[in-house]
Amino acid sequence: EAQVTQNPRYLITVTGKKLTVTCSQNMNHEYMSWYRQDPGLGLRQIYYSMNVEVTDKGDVPEGYKVSRKEKRNFPLILESPSPNQTSLYFCASSTGNQPQHFGDGTRLSIL
Amino acid sequence: DAKTTQPTSMDCAEGRAANLPCNHSTISGNEYVYWYRQIHSQGPQYIIHGLKNNETNEMASLIITEDRKSSTLILPHATLRDTAVYYCIVSVSGYSTLTFGKGTMLLVSP
């Protein structure tokens, strides 16, 4: 089954403690992307990757890092999380003009 | 990417057709119209997309006007499980950033 898998689904942590949210897709898609969703602000893109070793900033990249060492994986790294990064995060992937497939989301709470 | 305008909310009776409109008057010739929906806080779910012609799949139909400045998503027989926020997005390709607006909250009632 074609899918985008995010882990963890839920995480409560504290300010400054580094964390990584993993994203993996099994569709051999070149394009992968991270979004965050906040009440009243909708979904906003954080980073995206057009292919292995090719990443670029989206609309709200501050405080985040990504890497794309393998085609199937696109982890989101928060090196020093802060409370304003408390949000619902989605990973997505696609190829060509095909629609983006989204993961089920990761809800992060940073205290 | 072109902006879209959708009604904030709509109601539909279960079993009836739900027709969700979207205006995208500044759409470019190479931009597709995509429709996604989000049920509660789940990941956005792709519904359908099109460039010029009307499209139909197992979930819905997409009607695009001839001048491409507006479109309508049709759920032919709405069920309670279709209650969700529906987003109309214009984008050049699947590689492009999807700009999600506020969407239309569709409430399907018994």
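The values are calculated or read from the model by the stated rules, or taken from the named source; none is laboratory data. As the structure is a prediction and not an experimental result, all values here were calculated from the model. Counting neighbours? That spans all protein chains shown, and the Cβs are built from the backbone with ideal geometry, glycine included.
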Pick from A:GLY42, A:GLY58: which is at positive phi and surrounded by fewer than 20 Cβ atoms within 10 Å (Cβ to Cβ)? A:GLY42
Tell me whether segment A:70-83 contains one or more residues that are closer than 22 Å to B:TYR36 by Cα, at pLDDT 95 or above and of a type outside the set (Asp, Glu). no
Residue ID - surrounded by the fewest Cβ atoms within 10 Å (Cβ to Cβ), chosen from residues in segment A:45-55 that are farther than 18 Å from A:LEU19 by Cα and touching a Ser or Thr at 6+ places or on another chain (Cβ under 7 Å): A:THR55
Mind telling me which of the residues A:LEU19, A:LEU111 ends up being more than 10 Å from chain B (Cβ to nearest Cβ), in contact with a helix residue (DSSP H, G or I) (Cβ under 8 Å, 6 or more places away or on another chain) and more than 25 Å from B:ILE89 (Cβ to Cβ)? A:LEU111
In segment A:66-108, which residues are within 14 Å of chain B (Cβ to nearest Cβ), surrounded by fewer than 16 Cβ atoms within 10 Å (Cβ to Cβ) and within 15 Å of the chain's Cα centre (by Cα)? A:ASP104, A:ARG107
Starting from segment A:90-102, keep only residues that are of a type in the set (Gly, Ala, Ser), then list their pairs with residues that are in a strand (DSSP E or B) whose Cβ atoms are within a distance under 6 Å, requiring at least 6 positions of separation or different chains. A:ALA92/A:SER33; A:ALA92/A:PHE102; A:SER93/A:VAL4; A:SER93/A:GLN25; A:SER93/A:MET32; A:SER93/A:HIS101; A:SER94/A:TYR31
Conditions: (1) in a strand (DSSP E or B); (2) facing chain A (nearest Cβ under 9 Å); (3) more than 13 Å from the chain's Cα centre (by Cα). B:ASP11 meets all but one. Number of the miss? (2)
I'm trying to understand the selection: among the residues of segment B:20-36, which are crowded, with 19+ Cβ neighbours inside 10 Å and either within 11 Å of chain A (Cβ to nearest Cβ) or outside any strand (DSSP E or B) (or both)? B:HIS24, B:ILE27, B:GLU31, B:TYR32, B:TYR34, B:TRP35, B:TYR36
Would you please name the residue that is nearest to A:ILE110 (Cα to Cα), looking only at residues in segment A:26-78 that are touching a Pro at 6+ places or on another chain (Cβ under 9 Å) and of a type in the set (Gly, Ala, Ser)? A:GLY63
Residues (of a type in the set (Asp, Glu) and within 17 Å of A:GLN100 (Cβ to Cβ)) located in segment A:48-83: A:ASP56, A:ASP59
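Just checking, how many residues over segment A:38-72 are out of contact with any helix residue (DSSP H, G or I) (no Cβ under 7 Å at 6 or more places or on another chain) and part of a loop (DSSP other than H, G, I, E, B)? Spell out the reasoning first.
Just the residues of segment A:38-72 that are out of contact with any helix residue (DSSP H, G or I) (no Cβ under 7 Å at 6 or more places or on another chain), to begin with: A:38-62, A:64-72.
Narrowing the set further to residues that are part of a loop (DSSP other than H, G, I, E, B) leaves A:39-41, A:52-53, A:58-62, A:64, A:67-72.
Qualifying residue count, segment A:38-72: 17.
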From the list A:ASN84, A:ASN28, pick out the single residue that is part of a loop (DSSP other than H, G, I, E, B) and either touching a residue at least 60 places away in the same chain (Cβ under 8 Å) or of a type outside the set (A, V, I, L, M) (or both). A:ASN28
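Select the strands (runs of 3 or more DSSP E) contained entirely in segment B:46-110, then report the ones holding at least 3 residues which are within 13 Å of chain A (Cβ to nearest Cβ), free of Cβ contacts under 8 Å to residues at least 12 places away in the same chain and touching a Ser or Thr at 6+ places or on another chain (Cβ under 6 Å).
On the way: elements: B:61-64, B:70-75, B:84-91, B:104-109.
In segment B:46-110, there are no strands (runs of 3 or more DSSP E) which contain 3 or more residues that are within 13 Å of chain A (Cβ to nearest Cβ), free of Cβ contacts under 8 Å to residues at least 12 places away in the same chain and touching a Ser or Thr at 6+ places or on another chain (Cβ under 6 Å).
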